[in-house]
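The values are calculated or read from the model by the stated rules, or taken from the named source; none is laboratory data. Nothing here was measured: the structure is a model prediction, and the numbers come from that model. Cβ placement follows ideal geometry from the backbone for every residue including glycine, while neighbour counts extend to all protein chains displayed. Remember, those area values only see protein heavy atoms, side chains included, never the ligands or the DNA or RNA. Shrake-Rupley method; radii C 1.70, N 1.55, O 1.52, S 1.80 Å.
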Amino acid sequence: MADTPQDNLEVADEEKGDVNDYWKRQVEQVFYPYVRKSPSWNIYEIIKTTLMTVFVLPLRVILVILFAVVTYSVAKVALLGEDEERPVPYSAWKKFMLRSISPLIRAALFCCFGVYYIEQTKHEDERPAYVIVSNHTGYIDILILCAMYRGGFVAKGSVKNARLVGTIARALQCLFVVEGESLTDTLKTR
């Protein structure tokens, strides 16, 4: 036992350190944010993964290419006769064409990536949103937002010149932010 108050503080600090170490180990076992802890593979998992890779992966790659080409074609037709520097509001037939992009993206999410349901929660006092601010962690997040809200996005300027995605983004009338240019000037030209 500790005889002096200083010794009591040292013992308490040691016990507190043990408690902190214990909880730190417990948290790391349950929640380790950037490490994926997969269970060990048994023979069933190995066979299932091999069969899915051989049969399903090529089918999904073909479907991704098919949906990309169809969506690109719809976007390209909708952009016929458009001035790239001075976008104008779309006519009725172009709006009709662009409304088909959202169902195409939903079908691609289902067939290619297995997203069959997107849950939306609405509150009673919720009004329609005109601006949705959202960060994305991958490209599928962008597809999901496009499928749900049918809107344009803010994208970096280099996306505008990308071959496939750039055409679709221009058709959706995305706002392209170029480094070194004022966002206000970009909005004025629109």
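List of remarks:
- Base-10 log of normalised Debye intensity for region 121-183 (one unit scatterer per alpha-carbon) at q = 0.16, 0.21, 0.23 Å⁻¹: -0.61, -0.95, -1.09
- Lys/Arg +1, Asp/Glu -1 at C-beta; region 100-171 dipole; positive extreme among Tyr149, Gly138, Ile168: Ile168
- Share of carbon and sulfur in the accessible heavy-atom surface of region 103-190 [1.4 Å probe, %]: 55 percent
- Computed from the C-alpha gyration tensor, the three semi-axes of the ellipsoid equivalent to region 71-124 are 28, 16, 9 Å, from longest to shortest.
- Relative packing of peptides 107-119, 48-60, 142-154 - highest average C-beta neighbours within 10 Å first: 142-154, 107-119, 48-60
- Sites Asp185 and Ser91 - FRET efficiency at Förster radius 30 Å, r taken between beta-carbons, to 0.05: 0.65
- Residue order for Asp141, Asp21 - accessible surface, 1.4 angstrom probe, largest first: Asp21, Asp141
- Legend: residue pairs Lys48/Lys76; Lys24/Lys156; Lys95/Lys122; Lys94/Lys160; Lys94/Lys156, Cα-Cα distance threshold 31 Å; pairs beyond threshold, Lys48/Lys76; Lys24/Lys156.
- The simple Förster model, with R0 at 30 Å and r as the Cβ-Cβ distance, assigns Ile46 and Phe113 a FRET efficiency of 0.80.
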